[in-house]
Amino acid sequence: MTDTFELSHPEFVLIIDFGSQVTQLIARRLRELNVYCEIHPFNNVTEDYLDQARPKAVILSGGPASVFAEGAPLPPKKVFELGVPVLGICYGQQAMMYQLGGKVESGHMTAEFGRAFVTPKNDRLDLLEGWFETDREQVWMSHGDHVSEIAPGFEVYGTSPNAPFAVTADVSRHFYAVQFHPEVHHTPNGRKLYENFVKIAGCKRDWTMGAYREEAIAKIREQVGDKKVICGLSGGVDSSVAAVLLHEAIGDQLTCVFVDHGLLRLNEAEEVVTMFRDHYNMQLIHAEEQDLFLGELEGVSDPETKRKIIGKLFIDVFQRYAGEIEGAEFLAQGTLYPDVIESVSFSGGPSVTIKSHHNVGGLPEKMGLKLVEPLRELFKDEVRELGRELGLPEHFIGRHPFPGPGLAIRCPGEITREKLDILRKADAVFIDQIRRHGLYDAIWQAFVAILPVRTVGVMGDGRTYDYACALRAVTSVDGMTADYYPFSHDFLGETATRIINEVKGINRCTYDITSKPPGTIEWE
Ligand code: XMP
């Protein structure tokens, strides 16, 4: 048995993070090229670490600092003594030049932000092979300081109007430095540079999900030995993929706990239980705790209080069921790579709590359990790919996110069973409409919220006095920002008619067109 879940990758590219907003995109670009890479904050990359890690190549990310500032973040000099290719991007370029004997200057006259065009200079450079499709390439710049004198051994291979050293390199040592960001969308052919860079580094580009699956299974077996593992299963993509992977690795040593808090969508509990217990043959505890949760929530209308109650009960319940599994030593979690990356914060200080998110944080220590986190090296889309590889059905893999507190935060005001039943039906009609119109995959998340208002209507010859509901559908990349989905009026009209006709208890439908920020995706 070993203590942590960590795969040993025979070849990997080390990305040293200096705090750029787009460092994660560098990792995305490399993973797309089937190259395994890891992001480490600059202050964790010590000489000892470099000796142990032996990366195939190193990338120095951008960042907001200035090399002149006191205590400016710099990579250890050893990076340049490893004998592997090094690519410096934006701030990484400046840090590299500064450390290797060049000069950097600041001055707002030479600051450059946004789109620029690079034209080739001097001989061909292996890093730029196939890059200049025309006589210039669009790139995205974002820098205040600039390099004013390149380090000895370097030559210029590309310039832009404001960056005479847009691309420089010391070919003999395979050191490359670019002033722009090849990883962002606005450098349309940036992928080519990364492709060339990993080729120069001699990467085999054999990081595939099939290989990951095999390796992860072996690693889980090694970490867990013959001990038992508990896994909280929500039916969401991450916990489902983690559960299936673990099950494949250790079979009946795994027990999943599915907590039904009575705040799930229509038929959701049945679907999850049938799929994992019957289809995958997993040991699954279906914790039916609707009465407990709904009882404690009775009369509560404050959003934060609701969240806190649900979060606490969830942990209590999970702990109670997990405690019954004799000999369990591990708790499995579907933690993803973006949750693991320690981002570099220059501003410091905690950010304000907008909403207390619900998770099972703190449980492992409380229960004396060790953690197994088989997805901790993957990005969300890679988890989906792994899910496909493991044979999970597409409708599970492509599901919209569903929050831990469930329908509680889509039912502003007091929660009652009656309201929840109405909400479930309306939500099911809305999602059915979206699927019928082929829009499900174009939308990040869609749901109905039942409003704490009754309004007057007329149906047939009678007066109605029923609930109003709001439809919410947003596009987003990561849930941090979002925009409402531009449904056609025909779609909205048809959906409102269906909901009002098919769902008893609702007589008015509105569409929420608030973006995030200033709104949030959920209503509470
Ligand atoms: P907001 O409403 O903050 O939501 O814009 C952003 C994303 O997070 C989801 N969300 C949660 N997910 N536990 C979760 O697992 C929570 O407590 C929680 N609250 C919000 C939300 O559905 C959206 O995808």
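Observations on the model:
- Checking 454, 472 one by one, the residue that is over 25 Å from the mean Cα position of the chain (by Cα), part of a strand (DSSP E or B) and not assigned by TED's automatic domain parsing to the domain that holds residue 236 is 454 and no other.
- Just one of the numbered conditions (1) modelled with pLDDT under 95; (2) more than 16 Å from the ligand (Cβ to nearest atom); (3) closer than 22 Å to residue 409 by Cα is not true of residue 462: (3).
- Being closer than 27 Å to residue 450 by Cβ, in the same structural domain as residue 337 (by TED's automatic domain parsing) and in a helix (DSSP H, G or I) is a description that applies to residue 314.
- Residue check for residue 466: over 22 Å from residue 400 (Cβ atoms), part of a strand (DSSP E or B) and among the charged types (D, E, K, R): yes
- Flag for residue 493 being assigned to a loop (DSSP other than H, G, I, E, B) and small (Gly, Ala, Ser): no
- Flag for residue 171 being under 24 Å from residue 15 (Cα atoms), without any contact (Cβ under 8 Å) to a residue 60 or more places away in the chain, surrounded by fewer than 20 Cβ atoms within 10 Å (Cβ to Cβ) and aliphatic (A, V, I, L, M): yes
- Matching residues in segment 48-62 - criterion: being on the phi < 0 side of the Ramachandran plot and surrounded by 12 or more Cβ atoms within 10 Å (Cβ to Cβ): 49, 50, 53, 55, 56, 57, 58, 59, 60, 61, 62
- Against the conditions (1) within 28 Å of residue 395 (Cβ to Cβ); (2) within 26 Å of the chain's Cα centre (by Cα), residue 267 satisfies every one except (2).
- Residue ranges of helices (runs of 4 or more DSSP H) in segment 340-400 with at least 1 members closer than 29 Å to residue 42 by Cα and at pLDDT 90 or above: 380-389
- Flag for residue 386 being surrounded by 17 or more Cβ atoms within 10 Å (Cβ to Cβ), more than 16 Å from the ligand (Cβ to nearest atom) and assigned by TED's automatic domain parsing to the domain that holds residue 301: yes
The values are calculated or read from the model by the stated rules, or taken from the named source; none is laboratory data. In this text, all values refer to a predicted model and were calculated from it rather than measured experimentally. Heads up, the Cβs are rebuilt from the backbone with ideal geometry, glycines too, and the neighbour counts pull from every protein chain shown.
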